[in-house]
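Visitor: Here it is, the structure, as structure tokens.
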Amino acid sequence: MRLLSSFHRDELLDQLVSQTYDLVIIGGGATGAGIALDAASRGLKTALVEKQDFAAGTSSRSTKLIHGGLRYLKQFEISLVREVGRERAIVHRLAPHLVVSEKMLLPLIKGGTYGKMATSLGLMVYDVLAGVESADQRVMLSKEDTQKAEPLLREDLLEGSGLYAEYRTDDARLTIEVIKTAVRYGADCINYAEVTDFIYKETKNGEKKVVGVKCVDCLNSTKTFEIKAKRVVSATGPWVDELRDKNNSLKGKRLHLTKGVHIVVPHQRLPVNQSVYFDVPGGRMVFAIPRGNVTYVGTTDTDYHGDKHNPRTDIADVTYLLEGVNNVFPGVDLRVEDVVSSWAGLRPLIHEDGKSASELSRKDEIFVSPTGLISIAGGKLTGYRKMAERTVDLVFKKLERKPRRTRTHTIVLTGGEFGGVASVEDYKKEVLDNLIAHELGASEAHYLVSNYGKQTDEVLETFFEEREAGEEPHRAMIMAELDFCIHREMIHRPLDFFSRRTGRLYFNIESVERWKEEVLKEFQKQFNWNDDRIKEERKWLEKAIYEAKNFTHTS
Ligand code: FAD
């Protein structure tokens with residue numbers, strides 16, 4: 001079985017330069033990952049190149065919902081609601097530990113976005129379009145029942161609520177599992193390698209066509225290499241126009257980037273019983289989502305023109321979200337000091353003249369340049385599989401090959417081999433039984449299974465070895481996770497581990513401070529790093545911790 005090991009990099013680099021691929025994908029976010037899996041599983045010789053860590057762009061910075069897009073109903077984007085709604089059920093089946101069904105409470109507030117009738121009708125239409133099973137369909141609650149369900153909601157303006165079906169996920173984990181699954185189907189996927197330009201060839205009739213990409217190894221900037229390919233897809237999210245510009249094809253439609261911020265507070269400071277989707281002053285709606293020991297709140301939606309690699313949370317974003325929370329949950333009195341972490345992401349939307357950030361469509365679009373570069377932009381995490389299907393259908397057409405039909409709706413993602421939702425809970429109990437003997441409990445079992453699914457077995461194997469060697473349980477566990485991520489998930493920097501693979505930077509930031517030195521030491525040992533490299537990585541990690549906890553003051 002092919003694995004995504006951090007130690008296979010040299011071998012992988014040799015492989016990438018030694019053949020001509022049917023398809024090279026630029027960008028290892030959810031969109032690129034989905035295309036890699038779809039293409040490889042349809043028999044195309046496929047490579048994927050990501051300049052940062054996998055999912056380090058927008059695909060680790062979303063609201064982390066696989067959702068039917070209720071707000072798109074308001075914009076009458078019926079086909080989008082239908083597509084993403086149906087996709088939820090499919091992705092849930094492919095990774096039942098990672099895409100988890102959860103009820104969302106939509107409080108009805110006097111003067112809010114939706115009235116009672118409109119909400120009831122809207123949620124009913126949503127259920128039908130999204131194909132929600134009858135047991136999961138919307139329920140309208142009276143004011144009293146809403147208060148019982150969520151006692152923190154303000155009483156004076158509350159009129160009742162709607163309870164509807166959503167799915168929670170972890171965007172970065174979903175992306176890495178899709179990439180690992182693509183690798184199993186033969187795709188060659190590499191991170192920390194940047195596409196700097198395209199390779200062109202003149203055809204017999206004098207046309208210039210893209211026949212590959214020029215790359216630089218971001219872990220060793222003196223090393224450049226080329227990958228030859230019959231077709232090239234750019235799935236570079238917020239960077240799509242940069243690549244189109246390099247290809248001299250940035251004409252017509254362009255991206256419109258908007259920034260979305262989430263803040264994280266201890267659950268005890270915003271102890272919601274379930275996820276809530278509520279009105280904030282000014283006519284927008286935001287989510288409050290409980291996860292482990294924290295609740296996260298988001299998002300904002302403002303135009304963005306800054307550095308695409310590192311969008312930051314501004315104090316104005318925090319104030320906006322806190323005011324929204326305090327308006328609907330008046331008793332909690334959340335303050336800036338309560339915010340323990342945060343993140344900001346960029347929506348790569350397609351520009352439409354005269355429309356504000358919130359009004360722009362979330363639909364995806366494919367552009368094909370005169371030299372044959374295929375770019376895909378816009379869309380949702382939720383729609384990654386369908387976007388991939390459309391893109392690979394087009395690739396087959398451009399290759400002038402008889403298309404094979406997509407199979408990704410039947411390909412279970414790595415870690416998702418449960419054969420049903422009930423088995424996830426049974427498996428969690430099994431894991432818990434194993435952990436209790438080692439002084440760990442239900443929260444660790446829940447975390448492990450949500451993060452790694454069935455691959456928890458592999459993490460536990462190393463954990464037991466560490467325990468036998470006399471290691472303390474918490475240290476044994478972090479080392480076991482690290483070992484798994486090094487050998488199976490191609491991490492090259494401690495931040496890859498703390499942010500994209502384990503979500504600790506956002507959802508358990510104290511544990512990053514607690515374990516950072518131990519993890520740095522282990523990296524030094526495993527990768528033979530010198531002291532300068534360790535210093536550089538420590539600085540990088542500390543900067544990420546600082547930026548998650550502190551905000552810019554631009555306004
Ligand atoms: P990205 O994840 O940004 O991936 C593009 C990748 O290309 C990056 O990793 C980048 O490093 C790489 N790249 C760029 N240039 C190069 C180069 N030259 N060489 C190599 N690699 C390169 N969707 C949902 O379904 N549910 C939600 O709850 C949700 N919430 C959201 C909340 C916010 C605040 C935002 C911003 C978005 C949200 N979305 C949500 C949308 C969703 O996150 C995005 O649609 C999706 O993550 C985009 O993925 P992508 O792969 O296209 O882009």
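The values are calculated or read from the model by the stated rules, or taken from the named source; none is laboratory data. Just so we're clear, the structure is a prediction, and the values are computed from it rather than from any experiment. Positions of Cβ are generated from backbone atoms using ideal geometry, with glycine treated the same way; all protein chains shown enter the neighbour counts. Keep in mind that these areas ignore ligands, DNA and RNA; they rest on the heavy atoms of the full protein, side chains included. Shrake-Rupley method; radii C 1.70, N 1.55, O 1.52, S 1.80 Å.
Visitor: Leaving out ligands, DNA and RNA but keeping every protein chain, what accessible area does His351 have, in Å² rounded to the nearest 10, with a 1.4 Å probe?
Guide: 80 Å²
Visitor: If you don't mind, another one. Just want the answer: with Cβ charges of +1 for Lys and Arg and -1 for Asp and Glu, which residue in Gly441, Gly453, Ala476 is farthest toward the dipole's positive end in the range 420-503?
Guide: It is Gly453, whose Cα lies furthest towards the positive end.
Visitor: Using modelled backbone amide H atoms (1.01 Å from N, in-plane), which distant-in-sequence or interchain residues come within less than 5 Å of Gly160's amide H?
Guide: For Gly160, the qualifying residues are Leu108.
Visitor: Hey, got the dipole for the range 107-259? About the Cα centre, +1 on K and R Cβ, -1 on D and E Cβ, debye to the nearest 20?
Guide: 1000 debye
Visitor: Given charges of +1 on the Cβ of Lys and Arg and -1 on the Cβ of Asp and Glu, with all other atoms neutral, how large is the dipole of the range 410-461 about its Cα centre, in debye to the nearest 20?
Guide: 180 debye
Visitor: With every protein chain left in place, what is the accessible area per residue of the chain in square angstrom, probe 1.4 Å?
Guide: 41 Å²
Visitor: Taking a point 7 angstrom from the Cα of Asp136 along the C-beta vector, which residues in the range 74-104 have backbone N less than 17 Å away?
Guide: 81-104
Visitor: Could I ask something else about it? What's the extension gain from Asp303 to Ala422 if we count 0.36 nm per residue and subtract their Cα-Cα distance?
Guide: Value of the extension gain: 38.6 nm.
Visitor: Per the 1.4 Å probe, what fraction of the accessible area of the chain, in percent, lies on carbon and sulfur atoms?
Guide: Carbon and sulfur atoms account for 50 percent of the accessible area of the chain.
Visitor: Write out the GluC sites (Glu not before Pro) in the range 74-179 meeting two conditions: DSSP loop, and at most 11 other Cβ atoms within 10 Å of their Cβ.
Guide: Glu133, Glu155
Visitor: Where nothing but the Cβ of Lys and Arg (+1) and of Asp and Glu (-1) is charged, how large is the charge dipole of the range 82-184 around its Cα centre, in debye to the nearest 20?
Guide: It works out to roughly 280 debye.
Visitor: Using a Förster distance of 35 angstrom, determine the FRET efficiency expected from the C-beta separation of Tyr200 and Gln15, and round it to 0.05.
Guide: 0.90
Visitor: Just how much of Tyr320 is accessible, in Å², when a 1.4 Å probe is used and the result is rounded to the nearest 10?
Guide: Tyr320 exposes around 70 Å² with every protein chain in place.
Visitor: Can you tell me how much longer the chain between Gln526 and Arg284 gets when fully stretched, taken as 0.36 nm per residue apart minus their C-alpha distance, in nm with one decimal?
Guide: 82.3 nm
Visitor: Describe numerically, in nm with one decimal, the distance between label points set 7 Å from Cα along Cα→Cβ at Lys253 and at Ser5.
Guide: 4.3 nm
Visitor: Ok, one more. Describe numerically, in nm with one decimal, the distance between label points set 7 Å from Cα along Cα→Cβ at Thr410 and at Arg86.
Guide: Roughly 1.8 nm, to one decimal.
Visitor: Leaving ligands and nucleic acids out of the surface, order Ile411, Ile436, Ile366 by accessible area at 1.4 Å, largest first.
Guide: Ile436, Ile366, Ile411
Visitor: Here's another thing I want to ask about it. Looking only at the chain, where both bridge partners belong to it, what percent of the DSSP beta bridges are antiparallel (to the nearest 5)?
Guide: 75 percent
Visitor: Mind running the shape call on the range 308-403? Use the C-alpha gyration tensor, a ≥ b ≥ c as the square roots of the eigenvalues: rounded below 1.5 for a/c, prolate if a/b tops b/c, oblate otherwise.
Guide: Taking the square roots of the gyration eigenvalues as a ≥ b ≥ c, the range 308-403 is prolate.
Visitor: Under the 0.36 nm per residue contour assumption, what length would be gained going from the current alpha-carbon distance of Asp245 and Lys103 to full extension?
Guide: 46.8 nm
Visitor: So if I take the centroid of the Cα atoms in the range 310-351 and the same for the range 38-116, what is the distance between those two points in Å?
Guide: So the two Cα centres are separated by 21 Å.
Visitor: Let me ask another. I want to check the label-to-label distance for Leu219 and Ile534. Put each point 7 Å from Cα in the C-beta direction and report it in nm to one decimal.
Guide: Spacing of the two 7 Å Cα→Cβ label points: 1.9 nm.
Visitor: What are the trypsin sites (Lys or Arg not before Pro) within the range 454-555 that DSSP puts in a loop, where the Cβ has at most 14 other Cβ atoms within 10 Å?
Guide: none
Visitor: While we're looking at this one, here's another question. Taking all protein chains together and a probe of 1.4 Å, list Glu207, Glu323 from the most accessible to the least accessible.
Guide: Largest to smallest exposure gives the sequence Glu323, Glu207.
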